[in-house]
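Asker: Mind having a look at this structure? Questions to follow.
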Amino acid sequence: MTKEPISSAGGFTVLPDYDLQSVPVEYEALILIGGMKWLEASALDVKPLVQDAVIKHRIVGGICLASAFLGVCGVLNKINHTSNDLAYMQEWAGDNYIGAANYIKEPAVRDDNIITANGTATLEFTREVLLALDIASESNIVEWYNFHKLGFYNAHMPKMP
């Protein structure tokens, strides 16, 4: 929404490349990170961008409260999805959300080009985004995920001389 530096709840600061007025016409994915900002009225300024991405069949991802924001946008009504909590989603998104029958209690869910995850599923969310972007082979992405999730690497390693 701004090009000004943004600090996360954990103290991580990022400098956005774009604001809502300068988003490129062509892009592969719209990834919405979690955080309490989605509860603010100003978050609705992002809704047209989300709807445009869905219309253009772009990859759209939301984790934590951003997944619930996708419910506010009406994106999750006809697709399988997850979030932090179904009851919270229904309450917060109100009449915009009628997709409870498609809610799956899993860490991350990808249905076509829409990816959702609860706030504890950063690795699962990232795995689904990487798979959707098709940036590497599925086996390489799964190896990456397993390494970070399980703490060990199963790939064939060359023998030392």
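Nothing in this text is a laboratory measurement; each read-out follows from the coordinates by a stated rule. Bear in mind that the values here come from a model prediction, so they are computed numbers and not experimental data. Here Cβ is always computed from backbone atoms with ideal geometry, including for glycine, and neighbour counts include all displayed protein chains.
Asker: Applying the Karplus parametrisation 6.51 cos²θ - 1.76 cosθ + 1.60 with θ = phi - 60° to the phi angles of region 13-21, what ³J(HN,Hα) value in whole Hz is obtained for each residue in order, glycine and proline being reported as x?
Answerer: 10, 10, 10, x, 7, 9, 10, 4, 7
Asker: Put +1 on the Cβ of each Lys and Arg and -1 on the Cβ of each Asp and Glu in the chain; which of 51, 133, 41 then has its Cα farthest toward the positive end of the dipole?
Answerer: Towards the positive end, the residue furthest out is 133.
Asker: Dipole of region 3-161, Cα-centred, from +1 at each Lys and Arg C-beta and -1 at each Asp and Glu C-beta, to the nearest 20 debye?
Answerer: Roughly 320 debye for region 3-161.
Asker: Of the peptides 50-62, 17-29, 108-120, how do they stack up when ordered by the mean number of other Cβ atoms within 10 Å, highest first?
Answerer: Taking the mean over residues of other Cβ atoms within 10 Å, the ranking is 108-120, 50-62, 17-29.
Asker: Using just the helices of the chain, give the 222 nm mean residue ellipticity in deg cm²/dmol: DSSP H runs with n ≥ 4 each add -39,500 (n - 2.57), and the total is spread over all residues, rounded to 500. The partial results should precede the final answer.
Answerer: Values: 5 runs with 50 residues, N = 161.
Per the formula, -9000 deg cm²/dmol.
Asker: Could you list the square roots of 5 times each eigenvalue of the Cα gyration tensor of region 6-136, that is, the equivalent ellipsoid semi-axes, sorted largest first and rounded to whole Å?
Answerer: 20, 17, 16
Asker: Quick check: residue separation of residue 40 and residue 144 times 0.36 nm, minus the Cα distance between them. What number comes out in nm?
Answerer: That works out to 33.9 nm of additional length.
Asker: What residue among 82, 13, 126 shows peak mean-square fluctuation when the chain is described by a Gaussian network model with Cα springs under 10 Å?
Answerer: The residue with the greatest mean-square fluctuation here is 13.
Asker: Which aspartates and glutamates does residue 149 reach when only Cα atoms under 17 Å apart count, and residues fewer than 8 places away in its own chain are ignored?
Answerer: Leaving aside aspartates and glutamates fewer than 8 places away in the same chain, those within reach of residue 149 are 106, 124, 128, 138.
Asker: Share of antiparallel DSSP beta bridges in the chain, in percent to the nearest 5? The partial results should precede the final answer.
Answerer: Working: 6 of 15 bridges.
Bridges in the chain that DSSP calls antiparallel: roughly 40 percent.
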